[in-house]
Amino acid sequence: MPVEQKSVLIEQIERLKKEMRAIVLAHYYTLPEIQDVADIVGDSLALARAAESTDAEVIVFAGVYFMGETASILNPDKTVLMPDNHAGCPLADSCPTEEFRAFRQKHPEAIVISYINSTAEIKAESDIICTSSNAERIVRQIPEDKEIIFGPDRNLGGYVMRKLDRKMILWQGYCYVHDAFSWDVIKHAVESHPGAELIAHPECREELLQHADYVGSTSGLLKYALESSASTFIVATEPGILYEMRKRSPEKIFIPAPKSASQPWSTCTQMKQNTLVKLYECMENRTPRIVVEEPLRTAALKPIQRMLEMS
Ligand code: 13P
Ligand code: SF4
C-alpha cells in the first residue's frame, strides 16, 4: 500500500477512535501496521482482560472470531466490531458442539477445561476456560482425584499433562500454524546458530517442545526473550510476535522457526486477514458487529469468569 494511503487510513482510524469512544485491541499475530494503530496489543489472556475492563463504548477487535466473540460475551452492552468476521480460528472450528457434547457425556464426572480458542457453544459446554498463559495454573487448582477433559488443543493439553504429571482426557484438535513445526526441520536452524535459544509456544508438538529452552504463551515468549542473556532466538510460533520482539529488543536477533526447507516461517492466514482498510471500514460503517445472543452468552460467560477469577 502506498505510504500516503496508509497515513490517511491511520489518520481516519485515529479520528474514528475519538468520535466513537472506541478502543482497538490487536493480537501479536496481526500485521505490524495493525499492531501500530492498536491501543493494546497482547496475547489472548491480556486481550480478554482488556476487553473486560475497558470503559470504551466500542471495542474493535483485530484478531480471530473467537476473540471478538469473547469480548462480546464479556460486554453485552458495548458494540464489538471486527475488521473481518470471516477470520475464524481453524482450531476453534475443529471442535463441533454435538461431538464435543457426546465426548463429554462419556465422562460425566469430569471437569471440562476448554482453551479460549473455542466457539461460544463449546465455552457454554465447559466448566472453566483457559489460555496458554494460565492453563497450567488452572489445572493445578483442580483436586487430584478429579478427572479432567481438556480441549480443543491436544498439544497444549499434552504439554500441561507432562508438566504437571497429570492425566487428562484430550480432544484431538490442533493449530495448523504450530503443529506444522517439526524438530527434523528446526534442528538445522538450531545447529546453524550456535548459542541461539529455541523458544516455542505450547501449541507446538511434543517432539519440538522437548528440545525447547523455553515454552510459553505469546507474551511468555516475549518476556523470556527480553530477559534472557542470550542474543539470538529461534522463535517457534506465529512470526507476527517478532515485530514486538524486535521493537523491544533491537540489539537481539530473532529468527522465525522454519516450517520446511522452502518455507521460512508458519503464518496464521486468518490473523493476517485483518488489514488497515478493513479496520477503517469496520469502524466507519460500524459493521461487522459481533453479538452473542442470550442464553448462549450467559452460559459461555460463566466459565470465562471462572478463568478470570482463577488466574
Ligand atoms: P496466546 O495468545 O495465548 O499465546 O495464543 C496463541 C494463539 O494461537 C492465539 O490464537
Ligand atoms: Fe487459531 Fe492457530 Fe491462528 Fe491462533 S495461530 S488463531 S490457534 S489457527
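Label residue 137 and residue 40 with points 7 Å out from Cα along Cα→Cβ: what is the distance between them in nm?
Between residue 137 and residue 40, the label points sit 1.5 nm apart.
Rounded to the nearest 5, what is the percent of antiparallel bridges among the DSSP beta bridges in the chain? Working shown, then result.
On the way: 1 of 32 bridges.
Percent antiparallel among DSSP bridges in the chain is about 5.
Carbon and sulfur: what percent of the range 47-179's accessible surface (1.4 Å probe)?
Details: 2330 of 5150 Å².
After summing per-atom areas, the C and S share lands at 45 percent.
On a full-extension model of 0.36 nm per residue, what is the gain between residue 294 and residue 310, subtracting their alpha-carbon distance, rounded to one decimal in nm? Don't jump to the answer; show the numbers that get you there.
On the way: separation 16, 0.36 × 16 = 5.76 nm, distance 2.47 nm.
Extending this stretch completely gives an extra 3.3 nm.
Farthest toward the dipole's positive end in the chain, which of 75, 122, 28, given Cβ charges of +1 (Lys, Arg) and -1 (Asp, Glu) about the Cα centre?
Going by the charge dipole, the pick is 28.
In whole percent, what relative contact order does the range 1-68 give with Cα contacts below 8 Å and a gap of six or more residues?
Numbers: 76 pairs, mean separation 22.6, N = 68.
Reported as a whole number, the value is 33 percent.
Would you calculate a helix-derived [θ] at 222 nm for the chain, using -39,500 (n - 2.57) for each DSSP H run of n ≥ 4 and dividing by the full residue count, to the nearest 500?
Details: 16 runs with 139 residues, N = 311.
That comes out to -12500 deg cm²/dmol.
Could you order the peptides 94-106, 203-215 from most to least packed, using the average number of other C-beta atoms within 10 Å per residue? Write down the numbers at each step before the final one.
Details: 94-106: 14.3, 203-215: 18.8.
Put in order of decreasing packing, that is 203-215, 94-106.
Please find the FRET efficiency linking residue 214 to residue 169, where r is the Cβ-Cβ separation and R0 is fixed at 35 Å, and quote it to the nearest 0.05.
Values: r = 28 Å, r/R0 = 0.79.
After rounding to 0.05, the efficiency reads 0.80.
So, with +1 on the Cβ of K and R and -1 on the Cβ of D and E, and no other charges, what is the size of the charge dipole of the range 1-101 about its Cα centre, to the nearest 20 debye? Kindly include the intermediate steps, with their values, before the conclusion.
Details: 8 positive and 17 negative charges, 32 e Å.
Approximately 160 debye in magnitude.
Most fluctuating residue of 41, 160, 190 in a GNM of the chain with Cα springs under 10 Å: which is it?
The residue with the greatest mean-square fluctuation here is 190.
Could you tell me which helices of the chain pass both thresholds, a Cα extent of 18 Å or more along their own axis and a mean Kyte-Doolittle hydropathy of at least 0.0, with helices taken as whole DSSP H runs? Don't skip to the answer; put the middle values down first.
Details: long enough: 3-20 (25 Å, -0.62); 296-310 (22 Å, 0.07).
Counting only whole DSSP H runs, the qualifying helices are 296-310.
Taking the solvent-accessible surface of protein heavy atoms with a 1.4 Å probe, what is the per residue accessible area of the chain in Å²?
On the way: 13550 Å² over 311 residues.
Here the per-residue accessible area is 44 Å².
Give me the extension gain from residue 109 to residue 144: residue separation times 0.36 nm, minus the current Cα-Cα distance, reported in nm with one decimal.
On the way: separation 35, 0.36 × 35 = 12.60 nm, distance 1.33 nm.
Gain in length upon complete extension: 11.3 nm.
Taking 0.36 nm per intervening residue step and subtracting the Cα-Cα distance, what contour gain separates residue 15 from residue 57 on full extension?
Working: separation 42, 0.36 × 42 = 15.12 nm, distance 1.49 nm.
Here the answer is 13.6 nm.
With a 1.4 Å probe and all protein chains left in place, how much of the accessible area of the range 221-306 comes from carbon and sulfur atoms, in whole percent? Display every interim value, and only then the final one.
Numbers: 2260 of 4210 Å².
Accessible surface attributable to carbon and sulfur in the range 221-306 totals 54 percent.
In debye, nearest 20: dipole of the chain around its Cα centre with unit charges on the Cβ of K, R (+) and D, E (-)? Provide the component values of the computation, followed by the final result.
Details: 34 positive and 44 negative charges, 40 e Å.
Computed about the Cα centre, the dipole is about 200 debye.
Need one number for the range 73-212: average projected area of the convex hull over its C-alpha atoms, nm².
Its Cα hull, projected and averaged over all orientations, spans 10.8 nm².
The values are calculated or read from the model by the stated rules, or taken from the named source; none is laboratory data. Since this is a predicted model, take the numbers as computed values, not measurements. Positions of Cβ are backbone-derived with ideal geometry, glycine not excepted, and every protein chain shown enters the neighbour counts. Side chains included, ligands, DNA and RNA excluded: accessible areas come from the protein's heavy atoms. Shrake-Rupley method; radii C 1.70, N 1.55, O 1.52, S 1.80 Å.
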